[in-house]
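The values are calculated or read from the model by the stated rules, or taken from the named source; none is laboratory data. Model, not experiment: these values are computed from the prediction. Quick reminder, even Gly has a Cβ in these numbers, built from the backbone with ideal geometry, and neighbours come from all protein chains shown.
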Amino acid sequence: MKEILQSRALQIYGALLAATHVLSAYFWMDRSLDLVVKAGEVSSALCWPWAPFCQTLRFSSEAQAAGYLEIYALLGVITAVLFVAGKVRWAYAGLLGLLGLKIFFTSLSYGLMGNYHYMSFIIHGAFLFAPYKKTLIPLCLGIFYWGAGVLKLNPEWLSGVALIHPTFLPGPLEHISLSYAVLLECIFVVGLFSSKAWIRHVVLIQFVLFHAFSWHIVGYFYPLTMLLLLGLFVLIPLCKEPWEAEWNPFILKQKSTLVLGGLLIFLQLIPYLWATDPAASGTPRLVSLNMLDARMECETLLIRHQNRANEVYDPFIKAPSTRTQCDPIVFLSQIPAICKDSSENMDFWLQSRRTTDQKMQTRLVIKDVCKKNPAELLWAEVL
């Protein structure tokens with residue numbers, strides 16, 4: 001907290017972080033209340049692997065969930081005002097409370113997953129708990145962009161197939177812009193850590209334009225969240241405070257920053273180390289950026305073993321989200337509701353492919369799925 005007390009830029013940045021919670025409350029109120037209420041629909045059973053019994057924690061009605069979000073948003077506004085007013089200790093406690101409220105709400109449904117929450121959680125952790133905040137927070141944001149750029153190094157992104165909605169650009173210009181986004185995130189991002197202010201500003205402006213352009217493709221929430229998180233790059237020079245996030249010998253002495261930055265990079269690599277195809281996986285990507293980097297097609301089956309014959313059928317419901325419609329977690333979450341009798345002898349089978357691939361590949365086969373508890377099912381990809 002001492003760093004925040006001594007830095008006006010960090011205080012105002014705390015207000016921006018509080019604003020991300022107000023934005024989240026509005027976003028969830030608008031489209032996600034049905035995901036966090038108790039219901040009997042199979043499709044509503046989506047739980048995170050670390051909260052396999054999330055349905056027992058959910059709200060009893062959408063009105064109750066809306067009330068929770070209204071209180072959450074109000075606390076976000078109060079916390080932002082406290083940061084701007086310089087009441088740092090009270091504001092710090094408020095932001096800590098907001099983080100807890102958001103973690104709880106997000107844990108109620110895997111359907112609430114998204115890069116915008118993942119990145120916000122990590123930046124909150126750096127702001128609230130880590131030293132050298134004005135170095136670590138920009139470094140984390142740079143690593144996020146690098147990780148997102150690495151995910152885009154595939155035919156689906158470069159051809160535009162992975163886009164949720166087409167851009168308004170003509171075909172050739174769209175392909176050029178998609179390729180440039182990869183260059184910006186993987187290579188030019190290092191300019192954010194240049195000792196020359198004009199280089200940092202040029203790169204930052206490009207990221208701002210990138211998010212502004214993405215608005216018509218991904219909607220308002222992602223771009224606005226990222227603009228708020230990027231605010232520290234503007235606040236530090238605006239408040240005439242020294243820029244501490246340039247790559248120099250001083251950073252090499254910040255062991256905690258290097259360790260935390262290295263850990264964040266390692267988390268982005270876990271899906272590549274654990275899964276045959278990260279885009280087709282679920283659990284291996286929980287600790288990394290989890291974006292729409294490829295469109296997937298999939299087939300699921302339950303095979304019921306009987307005395308004289310086997311019955312094969314597909315009772316699963318795909319998630320409406322393009323990113324998660326072939327995510328193994330989505331199907332594994334539904335199995336407990338499908339298995340009416342734990343003594344049933346049934347096997348689960350999932351195969352999928354990228355739309356640019358020719359053949360389906362078997363991703364997961366689980367024997368005797370009805371005999372497994374929800375935790376075993378949701379962690380099946382890594383067990």
> What number goes with the only condition from (1) surrounded by 14 or more Cβ atoms within 10 Å (Cβ to Cβ); (2) at pLDDT below 85 that residue 343 does not pass?
Replying inline: (1)
> Going through the range 134-150 one residue at a time, which ones are in contact with an Asp or Glu (Cβ under 8 Å, 6 or more places away or on another chain) and under 16 Å from residue 228 (Cα atoms)?
Replying inline: 134, 145
> Looking only at the range 294-332, which residues are crowded, with 21+ Cβ neighbours inside 10 Å, within 30 Å of residue 142 (Cβ to Cβ) and touching a Lys or Arg at 6+ places or on another chain (Cβ under 8 Å)?
Replying inline: 294, 296
> With 364, 332 as the choices, which residue is within 26 Å of the chain's Cα centre (by Cα) and farther than 25 Å from residue 164 by Cβ?
Replying inline: 364
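Considering only the range 362-376, state which residues are crowded, with 16+ Cβ neighbours inside 10 Å and either assigned by TED's automatic domain parsing to the domain that holds residue 274 or more than 14 Å from residue 50 (Cβ to Cβ) (or both).
363, 364, 366, 369, 370, 372 - these are the residues of the range 362-376 that are crowded, with 16+ Cβ neighbours inside 10 Å and either assigned by TED's automatic domain parsing to the domain that holds residue 274 or more than 14 Å from residue 50 (Cβ to Cβ) (or both).
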>> Please determine whether any residue of the range 158-175 is touching a Lys or Arg at 6+ places or on another chain (Cβ under 7 Å), surrounded by 15 or more Cβ atoms within 10 Å (Cβ to Cβ) and more than 25 Å from residue 20 (Cβ to Cβ).
In response: yes
